[in-house]
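Working notes, beginning with the structure itself.
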Amino acid sequence: MNHPADSTLDASRTFNLWEQSRQSLRRFFQQPLVKKSVDALVPGVLAAVLFPIFGPIVAAPTAVMAIQNSLKLIGISLSATTIDKLLNPLKGKQIEEIDILDALQEVLPKDQQINDEAAKALVTIAPEVKEAALQNKRIDQKWLSENLAANLQAQGGTMAIVAPKVEELIQLDDEQMREAIKRALVNWSHITQTITVSGEGEVSKSPQSIKARDGDLYQGISATGKGKVTESPQSIDLS
């Protein structure tokens, strides 16, 4: 049985973690050149949220569990494997925010597991991202939604799949956004739709779509060797 004092401490710690991440997000979006850094928008947003929880610490294997538990307090679920992959290049170093950004830029387009978990994290924190971004008077809702979606597309994998949904979420008001996010997160399990092309095979004009109310959503087309994929749009309806 949890002691009431433990619940109070957890609530206080959750509030403090969120405040640190929100402040970090606000600093990110207040950078004078943020509108010219669209190529780093998604990893930059994620790095801003993760840094107060990842660091500044000296990266070590013992940090993984502490980071994982702290992320859960703000609603973000990253596996121990993903956290370890992000920490691995930094072991023995004093972590700075740019280190997290560099690590994310390196792995997001290449590692499907990290891409998937980071996509879910970004959907989870979309209200905080929008709030922080719009405090910069040079940024409007249209710019944010379009450029987040474009940079998600550039990462490939699950991020590319959820890009249209994130663009839609940013354009909703706060209450609508939070309800839509709840539905999206419920729908994020055990639904997979993939096409794999190998050898010299080619897939053309093979649209994919998923509509679901329950389950993990993954939809993808992959090509290996000389395989080719052309004109095969993908879409997910999480409503």
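The values are calculated or read from the model by the stated rules, or taken from the named source; none is laboratory data. Keep in mind that this is a model prediction, so the values were computed, not measured. Neighbour counts run over all protein chains shown; Cβ positions are idealised from the backbone, glycine included.
Here's the yes/no breakdown for (1) at pLDDT 90 or above; (2) of a type in the set (Lys, Arg); (3) assigned to a helix (DSSP H, G or I):
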{"position": "1", "(1), (2), (3)": "no, no, no"}
{"position": "8", "(1), (2), (3)": "no, no, yes"}
{"position": "11", "(1), (2), (3)": "no, no, yes"}
{"position": "18", "(1), (2), (3)": "no, no, yes"}
{"position": "67", "(1), (2), (3)": "no, no, yes"}
{"position": "71", "(1), (2), (3)": "yes, no, yes"}
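Being part of a helix (DSSP H, G or I), out of contact with any strand residue (DSSP E or B) (no Cβ under 8 Å at 6 or more places or on another chain), buried (at least 21 other Cβ atoms within 10 Å of the Cβ) and free of Cβ contacts under 8 Å to residues at least 60 places away in the same chain, is that true of even one residue in region 74-85? Before you say what the answer is, go through the steps one by one.
Taking region 74-85 as the starting set, the residues that turn out to be part of a helix (DSSP H, G or I) are 80-85.
Next, from what is left, pick out any that are out of contact with any strand residue (DSSP E or B) (no Cβ under 8 Å at 6 or more places or on another chain): 80-85.
Going one step further and asking which of them are buried (at least 21 other Cβ atoms within 10 Å of the Cβ), we end up with 82-83.
Narrowing the set further to residues that are free of Cβ contacts under 8 Å to residues at least 60 places away in the same chain leaves 82-83.
Yes - at least one qualifying residue is present in region 74-85.
Out of curiosity, is residue 56 in the same structural domain as residue 21 (by TED's automatic domain parsing), of a type outside the set (Val, Ile, Thr) and modelled with pLDDT under 90?
yes
In region 95-121, what count of residues is obtained for those that are among the aliphatic types (A, V, I, L, M) and within 18 Å of residue 52 (Cβ to Cβ)?
8
Scan region 167-182 residue by residue and report those that are part of a helix (DSSP H, G or I) and surrounded by fewer than 22 Cβ atoms within 10 Å (Cβ to Cβ).
Residues satisfying the conditions are 167, 168, 174, 175, 176, 177, 178, 179, 180, 181, 182.
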